[in-house]
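K.L.:
Let me give you the structure first, and then I'll get to my questions.
Only the coordinates and a few stated rules stand behind these numbers; no lab work does. Note that the structure is predicted; figures quoted are calculated from it, not measured. We place every Cβ from the backbone using ideal geometry, glycine too, and count neighbours over all the protein chains shown.
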Amino acid sequence: MKKILNYINGQYAPPIADRWLDNYNPSNGEIYSQIAASTEEDVSLAYEAASAAFPAWSNTSIDDRSAIMLKIASLIDDNLERFAMAESMDNGKPLSLATAIDIPRASSNFRFFGHAITQFSSEAHESVGLNTMNFTLRQPIGVVGCISPWNLPLYLFSWKIAPAIAAGNTVVAKPSEVTPMTAYLLGEICTEAGLPDGVLNIVHGLGPSAGQAIIAHPNIKAISFTGGTKTGEHIARTAAPMFKKLSLELGGKNPNIIFADCDYEKMLAVSVKSSFTNQGQICLCGSRIFVEKSIFDRFKTDFVAKVKELNVGNPFEASTDIGALVSKPHLEKVQSYIKIAEDEGAKILFGGKTVKVPGSEHGYYLEPTVIEVYDDQCRVNQEEIFGPVVTLMPFETEEQAVQYANGVMYGLSSTLWTSDLNRTMRMSKKLEAGIVWVNTWMNRDLRTPFGGVKNSGVGREGGFEALRFFTEAKNVCIKYE
Ligand code: TXE
């Protein structure tokens, strides 16, 4: 059986303890590979390699770093089909989605930061009258840790690694143990692109062992993490006494707020996508839909009709809109929320049941599920389900829409549908979220800041924000006569 090895100091290697985890194909429930179950010892090796590579890499010219990153990007493009296939098999997402979004975005991340580093500059402040000149040195931090989740595996893994290495750091990275395959394949691409040994080290394994060893390592000075809010909390607690720099992108329970004056057809089509793309397993999905009362019944009917047309099926079929959920435990978690909704007296308008896909009967398939709720504070409206499940609820006024939207512990993104510019401005200021999309969803310009407020995390990545995160600013003050 295929073994997913660590990539340390430019070499693939088995875990020191020779322990392995089963890796499942969510589309059929079969074990199809084994993952290195790395421990602290493997992380130590990865750290040593990264630490040894740091002096040379941080002194490598910006042009040379950039050229290697652009090469990595084009090699990912050259291997698009292979990577997309691997992503889809590992995660259960439709192959069409992995081909159109996940893998192209991973190469864009390397390309973008390969270019961005050539434009990254620092500030100078002349203190007129004091005869001093200050300038800011932005120096790489050293060895940094990057830990990513399973929903957008290579997309989010590269979103962290690319700015880290562009800025001159060396990296110990761990992808999710649920979806390690594309991170594994990335190692050979990095070697082929000429990335010096030790600049990127990829360690596989469980969060509480391999992940824990990264966050607890005293010399790994910064951690960029995307994943669950509970894990984020634990990382913050572990890292705080060591004063590590932290960027935490955590859960979301994002509102999709629909006013009667919106472009109805466009809103309807995009709302189906923002609810169910990637089986609803995107931290940016609009999982709470609030609709102005005057169009609530119309929306409910039209939305459910569109959702019924979605095809749940094998990820490798071109006709599939919704593939398999990532794992059996995750499917069970999502199902438990459908039960909670029923217990809470909410109304399941559509879906809620598992699907037996012919030929893939043991896969983790669930119908797209639409739930009408009667209390915005009910659990299905408050807790992150992270699956193909959305709630619907009407609102009467703009104030009430804001109150509902902000009435959760999360604050990652929000979507607003309206043609009223004044309302757009008023609400954009009031919504508690790191991102406000108006008349669109998941529209990303990689230069923009990305991150959440409240329990959705701390810090911003994206564009120069990411390069700032992965560098330390040092002021140099020169007195002249
Ligand atoms: O995430 P975890 P899980 C949400 C979603 C989901 C829930 C739990 O609601 O149902 O989180 O998902 C690593 N030290 N999101 O359990 O555990 C782990 O190995 C260091 C939202 O899969 O947070 C993996 O690489 N690392 C989210 C990564 O953390 C640790 C995307 C994320 O796993 C660790 C995914 C530890 N002690 C889930 N424990 C989003 N924001 O997009 C775990 N890890």
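K.L.:
Applying a 10 Å radius around every beta-carbon, put 114-121, 142-149, 401-408 in order of their mean neighbour count, most first. All intermediate terms of the calculation are to be shown ahead of the outcome.
P.N.:
Numbers: 114-121: 16.1, 142-149: 26.1, 401-408: 19.8.
Averaged packing, sorted descending, gives the order 142-149, 401-408, 114-121.
K.L.:
Less than 17 Å from a label point 7 Å out along the Cα-to-Cβ axis of Asp63: which backbone N atoms in the range 102-136 qualify, by residue?
P.N.:
What the label zone holds, given the 17 Å backbone N cut-off, is 114-120.
K.L.:
Go through the range 77-177 and name the GluC sites (Glu not before Pro) that are in a DSSP coil and have 14 or fewer other Cβ atoms within 10 Å of their Cβ.
P.N.:
For GluC sites (Glu not before Pro) across the range 77-177 that sit outside H, G, I, E and B with at most 14 neighbouring Cβ atoms in 10 Å, the list reads Glu123.
K.L.:
Compute the distance in nm between two label points, each set 7 Å from the Cα along the Cα-to-Cβ direction, one at Ser419 and one at Asp22.
P.N.:
5.6 nm
K.L.:
Additional query: I need the semi-axes of the equivalent ellipsoid of the range 348-402: take the C-alpha gyration tensor, multiply each eigenvalue by 5, square-root it, list largest first in whole angstrom.
P.N.:
Working: eigenvalues 185, 22, 13 Å².
After diagonalising the Cα gyration tensor, the semi-axes are 30, 11, 8 Å.
K.L.:
Report the relative contact order of the range 171-289, percent, no decimals, based on alpha-carbon pairs under 8 angstrom and at least 6 residues apart.
P.N.:
Relative contact order here is 20 percent.
K.L.:
Would you mind ranking Asp297, Asp302, Asp321 so that the residue whose beta carbon has the fewest other beta carbons within 10 Å leads the list?
P.N.:
Asp297, Asp302, Asp321
K.L.:
Moving on to the next point. Translational diffusion coefficient, Stokes-Einstein: compute it for the range 173-254 using the Kirkwood radius over C-alpha pairs as Rh, at 25 °C and 0.890 mPa s, and state it as an integer in µm² s⁻¹.
P.N.:
The Stokes-Einstein estimate is 176 µm²/s.
K.L.:
When only Cα pairs under 8 Å and 6 or more residues apart are kept, what is the percent relative contact order across the range 1-129?
P.N.:
The normalised contact order for the range 1-129 reaches 22 percent.
K.L.:
Can you give the calculated 222 nm mean residue ellipticity of the chain, where each DSSP H run of n ≥ 4 adds -39,500 (n - 2.57) and the sum is split over every residue, rounded to the nearest 500 deg cm²/dmol?
P.N.:
-11500 deg cm²/dmol
K.L.:
Take the Cα coordinates of the range 17-88, assign each an equal point scatterer, and use the Debye formula without solvent to give log10 I(q)/I(0) at q = 0.26 Å⁻¹.
P.N.:
For the requested q values the scattering log ratios are -1.02.
K.L.:
Go through the range 148-154 residue by residue and turn each phi into a ³J(HN,Hα) via Karplus (6.51, -1.76, 1.60, θ = phi - 60°); whole Hz please, and just put x for glycine and proline.
P.N.:
Coupling constants for the range 148-154: 10, x, 9, 6, 10, x, 6 Hz.
K.L.:
So, with +1 on the Cβ of K and R and -1 on the Cβ of D and E, and no other charges, what is the size of the charge dipole of the range 269-347 about its Cα centre, to the nearest 20 debye?
P.N.:
Charge dipole of the range 269-347: 120 debye, to the nearest 20.
K.L.:
What's the exposure ranking of Arg288, Arg426, going from fewest to most Cβ atoms within 10 Å?
P.N.:
Arranged by neighbour count, lowest to highest, Arg288, Arg426 become Arg426, Arg288.
K.L.:
Positive end of the charge dipole of the chain (Lys, Arg +1 and Asp, Glu -1 on Cβ, about the Cα centre): tell me which of Leu310, Leu325, Phe135 has its Cα farthest that way.
P.N.:
Result: Phe135.
K.L.:
While we're on this one: What does the chain give for Rg and for Dmax, in Å, if only its C-alpha atoms count?
P.N.:
23.0, 82
K.L.:
With each label point set 7 Å from Cα along the Cα-Cβ vector, what nm distance links Gln119 and Tyr264?
P.N.:
4.1 nm
K.L.:
For every other residue with a beta carbon closer than 14 angstrom to the beta carbon of Lys266, add +1 if it is Lys or Arg and -1 if Asp or Glu, then tell me the sum.
P.N.:
-2
K.L.:
How would Ile348, Ile223 line up from fewest to most surrounding beta-carbon atoms within 10 angstrom?
P.N.:
Taking fewest neighbouring Cβ atoms as first place, the list is Ile348, Ile223.
K.L.:
Okay, moving on. Across the range 223-283, how many lysine pairs, 8 or more positions apart or on different chains, have C-alpha atoms separated by under 30 Å? Please give the number.
P.N.:
So the count of such lysine pairs works out to 8.
K.L.:
Could you bin all the Cα-Cα distances of the range 81-147 into 10 Å bins starting at 0 and give me the percent of pairs in each, rounded to whole numbers?
P.N.:
For the range 81-147, the binned pair fractions read 16, 25, 23, 17, 10, 7, 2 percent.
K.L.:
Based on C-alpha coordinates, I'd like the Rg and Dmax of the range 209-304, in Å.
P.N.:
Final numbers for Rg and Dmax: 19.6, 58 Å.
K.L.:
Please give the helix 264-276 orientation as an angle from the longest Cα principal axis of the chain, in degrees from 0 to 90, rounded to the nearest 10.
P.N.:
It works out to around 60 degrees.
K.L.:
Right, here's the next one. Please work out the Cα center distance from the range 85-153 to the range 299-371, rounded to the nearest Å.
P.N.:
34 Å
K.L.:
To continue, here is another question. Sort out for me the Cα centre separation of the range 236-252 from the range 406-443, rounded to whole Å.
P.N.:
So the two Cα centres are separated by 26 Å.
K.L.:
Please list the three semi-axes, largest first and in whole Å, of the ellipsoid equivalent to the range 1-158, using sqrt of 5 times the eigenvalues of its alpha carbon gyration tensor.
P.N.:
Three semi-axes, in Å: 37, 22, 13.
K.L.:
Separate question: When all C-alpha to C-alpha distances in the range 332-463 are sorted into bins of 10 Å, what percent of pairs does each bin hold, rounded to whole numbers?
P.N.:
11, 33, 33, 19, 4, 0
K.L.:
Which is farthest toward the positive dipole end of the chain among Val389, Gly232, Leu152, measuring Cα position about the Cα centre, with Cβ charges +1 (Lys, Arg) and -1 (Asp, Glu)?
P.N.:
Farthest towards the positive end: Gly232.
K.L.:
Additional query: Express in nm, to one decimal, how much length is gained between Asp78 and Ser428 on full extension, taking 0.36 nm for each residue of separation and deducting their alpha carbon distance.
P.N.:
122.0 nm
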